[in-house]
Amino acid sequence: MPTPPDSLPDDASALKALLVAAQAENERLIAIIKELQRYRFGPRSEKIDPGQLALMLEDVEQAIAASAAQAGSQTEDQPAKTPVQRKRQVNRGALPKHLPREDVVVDIADKSCPCCNGLRVKIGEDVSERLDMIPARFKVIVTHRPKYACRVCEGEVAQAPAPEHLIEGGIPTENLIAAVVIAKYADHLPLYRQAQIYGRQGVELDRSTLADWSGRAAFALRLVHELLLEVLKASVKLFADETRAPVLDPGRRKTKTGQLWAYARDDRPWGGPEPPGVAYVYEPDRKHERPVAHLAGFAGILQVDGYGAYKALAEGGPVALAFCWAHVRRKFFEIQASTPAPIAAEALARIGALYAIERDIRGLAAPTRQAVRQAQAKPILDAMKPWLGAKPPSPANRPSPRRSATRSRAGRA
């Protein structure tokens with residue numbers, strides 16, 4: 001929304017400052033647009049991470065908020081001008097009910113009426129809520145274990161046994177160890193940065209000390225991880241995927257590429273009775289035998305992408321592979337977005353019909369979903385494979401994206 005001319009300051013220096021700020025904001029927005037274009041249309045190896053994109057957007061939003069605050073402070077001295085500004089999006093509405101409330105009363109000092117000196121009575125009040133936070137702070141738990149002895153009997157001493165700790169003889173409580181592990185693995189806060197944060201409160205903890213705590217916690221949680229994976233493998237349906245993970249390679253001053261495998265179950269969208277869960281398994285490589293070893297004992301449907309390592313699980317075994325429609329649709333969507341083609345458009349329409357069926361039956365009982373799929377989705381799928389197989393490939397020697405997408409789907413239909 002353009003700024004009304006009447007709201008602009010008359011001072012030349014103020015106008016110059018606004019121009020400089022606008023140019024800087026435009027440069028930031030142009031950079032983000034270029035990154036968005038690369039994120040959407042660039043090769044997979046060049047695409048930026050969504051988290052990195054959100055980080056850039058946060059930077060722009062902060063700059064805009066700072067500019068708005070500065071403009072507001074400058075216009076306080078010019079009450080005659082009332083600029084019309086676009087309202088920024090803010091979080092409004094009731095704050096979570098489970099949060100504790102602390103009432104603060106801002107009252108008048110004198111409740112007497114200035115006319116008759118009588119006592120004013122309360123007729124109402126304005127109530128507003130603001131979100132506050134108590135910063136994390138350390139405390140020291142001092143454990144006392146009194147000793148007792150009999151005045152008559154010699155050598156008779158009684159004392160309560162010392163409670164067990166994750167790190168015997170160490171200074172951290174289990175709560176502190178959990179906070180360090182969550183900050184490192186859930187919030188991606190490296191240990192050296194955590195050490196700096198703790199140092200601001202006067203608690204000097206070396207990074208190697210935090211690393212030792214994290215390693216001991218991992219050892220203590222190994223049984224929980226193993227049990228979680230076994231519980232998930234008892235399900236009738238699982239989702240599997242893998243992603244690259246850079247790992248430090250001590251002594252070589254660089255990183256090496258590891259693989260992080262994820263096995264997940266989430267039946268909430270379908271009203272399933274089992275709770276959701278996900279187990280991660282790290283491996284130093286992407287060999288085909290890795291998922292075979294991870295899913296030993298699993299029998300059921302495994303939803304995967306096109307990675308060939310999962311095929312070994314379905315060869316003569318109790319595992320049936322269900323390929324991901326999102327991966328298939330993405331190929332045709334990229335073709336249609338770059339160079340519109342009738343084949344890609346029709347493929348998207350056919351897949352869209354399947355999506356519409358799933359949208360209508362989401363949350364219904366399993367027998368109902370199965371009946372609807374057999375009646376409505378099965379004819380679409382039965383017609384999909386011969387339609388894909390009948391499409392002639394491109395005559396060029398080099399495989400085109402269109403031919404690759406069609407061949408990928410036809411091979412799994």
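A few notes on this one:
- Look at (1) surrounded by 10 or more Cβ atoms within 10 Å (Cβ to Cβ); (2) under 30 Å from PHE219 (Cβ atoms); (3) not assigned by TED's automatic domain parsing to the domain that holds ALA211 and you find that CYS113 fails only one, number (2).
- Flag for VAL180 being β-branched (Val, Ile, Thr) and closer than 30 Å to ARG222 by Cβ: yes
- Just so you know, in segment 245-298 the residues that are acidic (Asp, Glu) and exposed (fewer than 13 other Cβ atoms within 10 Å of the Cβ) include one that is modelled with the lowest pLDDT, and it is ASP249.
- Restricting ARG216, ARG200, ARG145 to those that are basic (Lys, Arg) and touching a strand residue (DSSP E or B) at 6+ places or on another chain (Cβ under 9 Å) reduces the list to ARG145.
- Members of segment 6-28 that are surrounded by 13 or more Cβ atoms within 10 Å (Cβ to Cβ), modelled with pLDDT under 80, part of a helix (DSSP H, G or I) and not small (Gly, Ala, Ser): GLU25, ARG28
- ARG244 touching a Ser or Thr at 6+ places or on another chain (Cβ under 7 Å) and not hydroxyl-bearing (Ser, Thr, Tyr): yes
- The residues listed here are ALA365, ALA312; of these, the one that is assigned by TED's automatic domain parsing to the domain that holds MET384 and surrounded by fewer than 15 Cβ atoms within 10 Å (Cβ to Cβ) is ALA365.
- When segment 217-244 is filtered for residues that are surrounded by 14 or more Cβ atoms within 10 Å (Cβ to Cβ), modelled with pLDDT of 95 or more and of a type in the set (D, E, K, R), only LYS233 remains.
- Residue, farthest from ALA322 (Cα to Cα), within segment 265-291, restricted to residues that are of a type in the set (Phe, Trp, Tyr) and in contact with a strand residue (DSSP E or B) (Cβ under 6 Å, 6 or more places away or on another chain): TYR282
- Summed over segment 171-222, residues that are touching a residue at least 12 places away in the same chain (Cβ under 8 Å) and assigned to a loop (DSSP other than H, G, I, E, B) total 4.
The values are calculated or read from the model by the stated rules, or taken from the named source; none is laboratory data. Values in this document were obtained by computation on a predicted structure and should not be read as measured data. Cβ sites come from the backbone with ideal geometry, for glycine too, and all protein chains shown count toward neighbours.
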